[in-house]
Every structure is written in structure tokens, then in C-alpha cells.
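In what follows, a structure is listed as C-alpha cells, so that the remarks can point back to it.
The values are calculated or read from the model by the stated rules, or taken from the named source; none is laboratory data. Remember, predicted model here, so these are calculated numbers, not experimental data. Heads up, the Cβs are rebuilt from the backbone with ideal geometry, glycines too, and the neighbour counts pull from every protein chain shown. Accessible surface areas use protein heavy atoms only, side chains included; no ligands, DNA or RNA. Shrake-Rupley method; radii C 1.70, N 1.55, O 1.52, S 1.80 Å.
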Amino acid sequence: YFYGYNRTTAEGINDSGRFIGYGPTGDGIHGFLMSTDMGQCRPKGINNRGQVVGWSDSNFIYQNGVFDYLPTSYWGSEAIAINDSGVAAGYWMTNCDVECISEVCMFRNDSLIILGTPAGYYAEATDINNRGQIVGWYCMGDNCTEMRGFIWNDGAWTTIPTLGGTSSEAHAIN
């Protein structure tokens with residue numbers, strides 16, 4: 001229970017201890033930054049400069065009480081993580097009239113940069129570090145029955161192998 005929300009989800013914390021999350025209220029899902037109600041949104045990541053990324057009706061970067069809206073895909077997209085340079089990472093969906101394709105993307109200076117997928121048709125970024133390296137996961141097979149983690153570094157994809165199981169994922173990078 002946090003600031004009047006009946007259930008909350010914490011999504012991130014930075015080195016200064018500033019934390020973000022979201023929870024249901026009487027008029028929908030509201031995000032929070034510490035004790036500040038950010039309104040209807042879902043914050044997903046925070047950097048050490050206090051910039052927050054997430055999604056409301058559009059992808060956003062939030063700083064000092066102001067939302068800077070980023071490009072948003074008609075079929076779905078989400079800014080999930082942000083580094084200290086203000087570069088965000090997430091996913092961007094296309095072509096859902098035929099078969100949805102989810103690609104890893106970056107948001108830099110309010111511009112969208114689609115990085116693609118290491119393989120297959122569905123991938124999502126989960127984190128980005130201060131060197132611009134991105135980690136996440138992608139689907140293998142038709143029904144995404146197996147996943148593989150990846151590291152994207154300056155245009156090169158590296159797959160993270162399994163440790164004997166059927167899948168791997170990467171959720172954070174330092």
C-alpha cells in the first residue's frame with residue numbers, strides 16, 4: 001500500500017535511492033516518483049539524473065515534472081530503460097496487419113532508432129547501460145516456446161547461451 005494506491009509495483013531505483021512504480025487508483029493506473037503522483041502512466045526505468053521512462057498514451061521521458069513524449073507505434077511500443085545520457089531502450093512493434101514483429105529500439109534525442117532483432121520476429125530490450133549496450137531477450141520458434149537472452153553492442157548481437165535449460169534471458173546490465 002503506497003500513497004493511497006491499493007496495490008503497487010516498484011519498477012526501478014537509481015543510485016540516489018529515488019524509486020518509481022505504479023498502482024491502481026480510482027481513475028486508472030497512476031505512476032509515482034517517490035511521493036509524487038505522475039498521473040496516469042506506467043514508469044519503467046529511472047536513471048541517475050532522475051529521468052524516468054515509461055508509457056502512458058505514448059512513450060515518454062519524464063523530468064522535473066514535465067513529460068517529453070517519444071515516438072509510439074500504432075501496434076505497440078514501450079520505453080523500458082534509460083541510461084545516464086538520456087538514451088532509452090525498449091521495443092517497437094510493426095506489421096501487425098500481417099504478423100506482428102517486435103524489434104529492439106532506442107530513443108535518442110526524441111528520435112526513434114530501430115535496431116531490429118538478433119533472430120526471429122519478436123525481441124524486447126530490458127536494460128541499457130551508460131556505454132549504450134542493450135540487453136534483453138528474443139523468441140525462437142513459431143510460438144515463442146524458447147527464448148534467448150542477448151547483448152547488443154554497437155550494432156553487434158551476442159546471444160547468451162542457456163545453462164543446460166531451454167531458454168535464457170537478460171534483464172540487467174551494468
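Observations on the model:
- Percent of alpha-carbon pairs separated by more than 22 Å within the range 1-81: 19 percent
- Shape summary: the chain maps onto an equivalent ellipsoid whose semi-axes, from the alpha-carbon gyration tensor, are 27, 18, 17 Å in decreasing order.
- Under the convention that each Lys and Arg Cβ holds +1 and each Asp and Glu Cβ holds -1, the size of the dipole of the chain around its Cα centre is about 440 debye.
- Rolling a 1.4 Å probe over the protein heavy atoms gives the chain an accessible area of 51 Å² per residue.
- Net charge, residue 157 excluded, C-beta distance under 13 Å - Lys, Arg +1, Asp, Glu -1: -1
- Taken about its Cα centre, the range 56-157 carries a charge dipole of about 260 debye when Lys and Arg each add +1 at the Cβ and Asp and Glu each add -1 at the Cβ.
- For residue 74 and residue 29, a Förster radius of 22 Å and the Cβ-Cβ distance give a FRET efficiency of 0.55, rounded to the nearest 0.05.
- Note on residue 159 and residue 119: the model spin-label points, each 7 Å out from Cα along the C-beta direction, lie 0.2 nm apart.
- Within the accessible area of the chain (1.4 Å probe), percent carbon and sulfur: 47 percent
- Selected from 96, 74, 86, residue furthest toward positive end of dipole (the chain; charges at beta carbon): 86
- Cβ-Cβ FRET estimate between residue 40 and residue 99, R0 fixed at 35 Å, reported to 0.05: 0.70
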